[in-house]
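Okay, so here's the structure we're looking at.
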Amino acid sequence: VQALDISADALVVAAINVERHGLQDRVHLVASDGSEKAQGTFDLIVCNPPYVNAQSMARLPLEFQAEPSLALAGGKDGMDFIRPLLACAHQHLSPHGVLVLEIGNERDHFDAAFPWLLPIGLSTSAGDDQVLLLDQQQLKLAPC
């Protein structure tokens, strides 16, 4: 498992959890902005990127305002991080690999930004369109 994050603080917490569960030989933590430092190909990529659009960022409830904006702010439409991720994700997936992507309440923005993609909405306690599944073959269609 490669666990990538841009936040040094998040990686410190992840390292505590890796050690606590004795996974040092199986989980490798990498400081990376997106997938730029990912090595190899994967059957599964799970991503919880910053996806909150600018208008929603301005109205976040207090409990979310305590979070670093780096973890939440996704630009005007919430897709700033997701665009480059999807452009190159197929290069990191095996031929039958999938990407599981959390987009929260940004499904309309996602569909507007990526009209050629036909993701499968995964059912969660928050709804059916907040976490999406995309396969490697579909992601090959994204402009890189």
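The values are calculated or read from the model by the stated rules, or taken from the named source; none is laboratory data. Just so it is clear, the model here is predicted, and its values are computed rather than measured. Note: ideal-geometry Cβ built from the backbone for every residue, glycine included; neighbour counts use all protein chains shown. Surface accessibility is based on the protein's heavy atoms, side chains included, excluding ligands, DNA and RNA. Shrake-Rupley method; radii C 1.70, N 1.55, O 1.52, S 1.80 Å.
Give the residue, chosen from 129, 108, 77, that is of a type outside the set (Lys, Arg), modelled with pLDDT of 95 or more and open to solvent by 40 Å² or more (accessible area, probe 1.4 Å). Quick ask: steps written out before the conclusion?
On the way: 129 fails: modelled with pLDDT of 95 or more; 77 fails: open to solvent by 40 Å² or more (accessible area, probe 1.4 Å).
Testing whether each residue is of a type outside the set (Lys, Arg), modelled with pLDDT of 95 or more and open to solvent by 40 Å² or more (accessible area, probe 1.4 Å) leaves just 108.
Being within 16 Å of the chain's Cα centre (by Cα) and outside any loop (DSSP other than H, G, I, E, B) is the filter here, so list the residues in region 112-123 that pass it.
The answer is 113, 120, 121, 122.
The conditions are (1) without any contact (Cβ under 8 Å) to a residue 40 or more places away in the chain; (2) within 16 Å of residue 4 (Cα to Cα), and residue 132 fails exactly one of them. Which is it?
Looking at each condition in turn, residue 132 falls short on (2).
Restricting region 65-74 to residues that are free of Cβ contacts under 8 Å to residues at least 40 places away in the same chain and in a loop (DSSP other than H, G, I, E, B), which is surrounded by the fewest Cβ atoms within 10 Å (Cβ to Cβ)?
Out of the qualifying residues, it is 66.
If I ask for residues that are open to solvent by 90 Å² or more (accessible area, probe 1.4 Å), at pLDDT 90 or above and in contact with a helix residue (DSSP H, G or I) (Cβ under 8 Å, 6 or more places away or on another chain), which ones from region 37-64 would you list?
Scanning region 37-64 gives a single hit, 41.
A quick yes/no check of all residues on (1) farther than 17 Å from residue 132 by Cβ; (2) in contact with a Pro (Cβ under 7 Å, 6 or more places away or on another chain); (3) free of Cβ contacts under 8 Å to residues at least 24 places away in the same chain:
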{"site": "47", "(1), (2), (3)": "no, no, no"}
{"site": "55", "(1), (2), (3)": "yes, no, yes"}
{"site": "63", "(1), (2), (3)": "yes, no, yes"}
{"site": "76", "(1), (2), (3)": "yes, no, yes"}
{"site": "90", "(1), (2), (3)": "no, no, no"}
{"site": "103", "(1), (2), (3)": "no, no, no"}
{"site": "108", "(1), (2), (3)": "no, no, yes"}
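Somewhere in region 22-30, is a residue under 18 Å from residue 80 (Cα atoms), modelled with pLDDT of 95 or more and touching a strand residue (DSSP E or B) at 6+ places or on another chain (Cβ under 7 Å)?
no
Please enumerate the residues belonging to region 132-144 that are at pLDDT 95 or above and either of a type in the set (Gly, Ala, Ser) or part of a strand (DSSP E or B) (or both).
132, 133, 134, 135
Any idea which of (1) among the acidic types (Asp, Glu); (2) within 23 Å of residue 36 (Cα to Cα); (3) part of a strand (DSSP E or B) is the one residue 128 doesn't satisfy?
So the condition that residue 128 fails would be (2).
Which condition number does residue 86 fail, the rest of (1) assigned to a strand (DSSP E or B); (2) surrounded by 21 or more Cβ atoms within 10 Å (Cβ to Cβ) being met?
Looking at each condition in turn, residue 86 falls short on (1).
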